[in-house]
1. What list do you get for Leu156, Leu82, Leu146, Leu102 if you sort them by fewest beta carbons within 10 Å?
2. Compute the Rg to Rh ratio over segment 14-146 from the alpha carbon atoms, using the Kirkwood formula for Rh, and round to two decimal places.
3. Quote the FRET efficiency, to the nearest 0.05, computed for Asp165 versus Arg43 with a Förster distance R0 of 30 Å and r equal to the Cβ-Cβ distance.
4. Taking the number of other C-beta atoms within 10 Å as the exposure measure, put Val90, Val105 in order starting with the fewest.
5. Tell me the label-point distance for the pair Thr72, Arg184, using the 7 Å Cα-to-Cβ offset, in nm and rounded to one decimal.
6. Near Ile31, within a Cβ-to-Cβ distance under 11 Å, what is the net charge of the other residues, with Lys and Arg +1 and Asp and Glu -1?
7. Counting pairs of alpha carbon atoms under 8 Å apart in space and at least six apart in sequence, what relative contact order in percent does segment 14-146 give?
Amino acid sequence: MFLEPQHTGPRGGWIEVICGSMFSGKTEEIIRRLKRAEIARQRVEIFKPAIDVRYHELDIVSHNNQNRIGSTPVDSAAGILLLAADAEVVGIDEAQFFDEDLPEVAERLAGQGKRVIIAGLDMDFTGAPFGPMPQLLARAEYITKLHAICARCGGLAAYSYRKTDGGGQILLGKQDVYEARCRRCFFGTA
């Protein structure tokens, strides 16, 4: 279980990264942490990439459609810096879809004393590191890796398997396009 860090003063910012495969609960976890920050009356700003309109244009929504929280869609990581100026806590979902400036943006926000909570896929559908996630993981003070349940064997899944052909690295989809798989089922060694 993740123990939420305590503020260490006006310059005590940090970066938290929540990662894992599709359907592992990343969005549910970031929503949980952000709602707790709101309950604590902290000033919270939440962002998602403008291209992610799978469940809602503005809100961050979990795959099961049970949990949601309002957010601001942005076209680039640089936009977050401008919009998060007054925030104490900054949430960023679907980080893998952001440009390569996101790690530096996260560093700047943390350097301003903000708690930065980031969620995203650590690997793409081929099992390769995805977008800015490796740099974010390297810079984070706190990392939570979540696992889904393998759609084929029921084991712990760390991979996102694409069930359809075509498309580049980014192909927005839900259960119709992706399923979680364990290592054995993902690489076909079962």
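Nothing in this text is a laboratory measurement; each read-out follows from the coordinates by a stated rule. This one's a predicted model, so the numbers in the text were calculated from it and none came from an experiment. Glycine also receives a Cβ, built like all others from the backbone with ideal geometry; neighbour counts cover every protein chain displayed.
1. With the sparsest Cβ surroundings first, the list reads Leu82, Leu156, Leu146, Leu102.
2. Result for segment 14-146 is an Rg/Rh of 0.92.
3. 0.10
4. Val105, Val90
5. Reported label-point gap for Thr72 and Arg184 is 4.8 nm.
6. Computed value for this residue: +1.
7. Values: 268 pairs, mean separation 50.1, N = 133.
Contact order relative to length: 38 percent.
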